[in-house]
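In what follows, a structure is listed as structure tokens, so that the remarks can point back to it.
Nothing in this text is a laboratory measurement; each read-out follows from the coordinates by a stated rule. Nothing here was measured: the structure is a model prediction, and the numbers come from that model. Cβ coordinates were reconstructed from backbone atoms using ideal geometry, including for glycine residues, and neighbour counts include every protein chain displayed.
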Amino acid sequence: MKEYKFRVLIDTLEEENAFRDIAIDSSFTFDKLHEAINEAFDFKGDQVASFYLSNEDWDKGQEIGLMDMTGESDDFVEMESTPIAEKVDLVNQKLLYVYDFLSMWCFFVELVEINPLDTSKKYPLTELVYGDAPAEDSKQIEMVDDLDFMMEDDEDLYGDIEDEFGSFENIDDYDL
């Protein structure tokens, strides 16, 4: 067993970066890292989330999620049953962490150190806090009324059809 130290940077529109360094026992499962990230950024942790193995360009790879939303993915791995060390074992290895798929909070997670496990520490542990984390509810999702999806051009098109054919109140008046 080893101590993994992850640097976790939240993707935000704020000018100042906000990141946390989180130390965790490498034998812990990904759900423990998920909980540690949420705690470190003062998020409730009550939304669906997934980790994705990543490369140097931060492209999404294999998903490690709380639950398989599609039920069809052969590439899906469950957080609760997957030890971190099973998927991450090299310094500079990268993960994407997506929390709340409606608000789409994205975190860039990188393994920055591997150390011997310190039995005097209670893992997971936030070891460094840099910058102010945004409030979890600061990304507002605008729910659209069902009728608001029509664009002005679509309304004009509907008006043209209505002008040409009149209203469709009595469909029996038309030869079909």
From the list Gly65, Gly45, pick out the single residue that is in contact with a helix residue (DSSP H, G or I) (Cβ under 7 Å, 6 or more places away or on another chain) and over 26 Å from Val129 (Cβ atoms). Gly65
Would you mind telling me which numbered condition in (1) touching a Leu at 6+ places or on another chain (Cβ under 9 Å); (2) on the phi > 0 side of the Ramachandran plot Asp42 fails? (1)
Is there any pair with a first residue in the range 80-98 that is under 12 Å from Val109 (Cβ atoms) and a second that is in a helix (DSSP H, G or I) and of a type in the set (Val, Ile, Thr) whose Cβ atoms are under 7 Å apart and which are 6 or more apart or on different chains, and what are they? Tyr97/Ile37
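Table: residues versus (1) under 16 Å from the mean Cα position of the chain (by Cα); (2) surrounded by fewer than 13 Cβ atoms within 10 Å (Cβ to Cβ); (3) free of Cβ contacts under 8 Å to residues at least 40 places away in the same chain; (4) not in a loop (DSSP other than H, G, I, E, B).
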site	(1), (2), (3), (4)
Arg7	no, no, no, yes
Thr12	yes, no, no, no
Asn17	no, yes, no, no
Ser27	no, no, no, no
Ser50	yes, no, no, yes
Leu53	yes, no, no, yes
Asp57	no, yes, yes, no
Gly61	yes, no, yes, yes
